[in-house]
1. Which ones in the range 146-160 are out of contact with any Asp or Glu (no Cβ under 8 Å at 6 or more places or on another chain) and not in a helix (DSSP H, G or I)?
2. Suppose we filter S83, S97, S91 for residues that are within 25 Å of C18 (Cα to Cα) and in contact with a Gly (Cβ under 7 Å, 6 or more places away or on another chain); which single one remains?
3. Looking at V128, is it of a type in the set (V, I, T) and farther than 19 Å from A153 by Cα?
4. Of all the residues that make up the range 5-18, how many are out of contact with any strand residue (DSSP E or B) (no Cβ under 6 Å at 6 or more places or on another chain) and open to solvent by less than 40 Å² (accessible area, probe 1.4 Å)?
5. Which of the following residues is at pLDDT below 95, in contact with an Asp or Glu (Cβ under 7 Å, 6 or more places away or on another chain) and closer than 26 Å to C149 by Cα: R87, R102?
6. For the range 111-160, give me each residue that is open to solvent by 80 Å² or more (accessible area, probe 1.4 Å) and free of Cβ contacts under 8 Å to residues at least 40 places away in the same chain.
7. Would you confirm whether or not the range 49-57 contains a residue that is in contact with a His (Cβ under 9 Å, 6 or more places away or on another chain) and not aliphatic (A, V, I, L, M)?
Amino acid sequence: NCGCRTELHHCDAPLDVCIGWDSAAPWMEQFTELNPRRISVETAIETLEKSHDAGLVHMAYASDNDPVNMICSCCSCCCSVLSANVRFGLSLYAFASDTISRTDFGKCDSCDSHICVDRCQFGARETVDGLLRFNPNLCFGCGLCVTKCPVGAIELMKKS
């Protein structure tokens, strides 16, 4: 289970969304209060899909001499790493992503649901006077807005 959400309970996002392998797995297994367990690759993929549907940002971690060996699915209200970086405007400096979202404002109808605004953990999207405003300088390129846009007005693209 996510240690941050288990401790803070600031949202109702799913808890069982942190995945570790190789050298991270034994480290994670020592935190018995977080219900560690071994899962199949299929279950890991289902877990990532579930956490994405819930609006959580996949954050991959690596230790000093190891390649990526852990993925946490984070929210900006509970995750100590993500929330601090967003709050202090450091996410563009602390995190790496080679994608960014792009909105086709010709297709965007500034829907009543504003789901892209609600799903953006980085504050790059907001509604002002009923219209969508997008600040690409705050976009991390996580894709949470893309997959739930009801009119398909948002896509991910490589950063230039």
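1. C149, P150, G152, L156, M157, S160
2. Selected residue: S97, the only one of S83, S97, S91 that is within 25 Å of C18 (Cα to Cα) and in contact with a Gly (Cβ under 7 Å, 6 or more places away or on another chain).
3. Criteria not met by V128.
4. 3
5. So the residue among R87, R102 that is at pLDDT below 95, in contact with an Asp or Glu (Cβ under 7 Å, 6 or more places away or on another chain) and closer than 26 Å to C149 by Cα is R102.
6. D112, E126, D129, L131, R133, P150, S160
7. Yes: the range 49-57 contains one or more residues that are in contact with a His (Cβ under 9 Å, 6 or more places away or on another chain) and not aliphatic (A, V, I, L, M).
The values are calculated or read from the model by the stated rules, or taken from the named source; none is laboratory data. Since this is a predicted model, take the numbers as computed values, not measurements. No Cβ is skipped: glycine too gets one built from the backbone with ideal geometry, and neighbour counts run over all protein chains shown. In case anyone asks, the SASA skips ligands and DNA or RNA and just uses the protein heavy atoms, side chains included. Shrake-Rupley method; radii C 1.70, N 1.55, O 1.52, S 1.80 Å.
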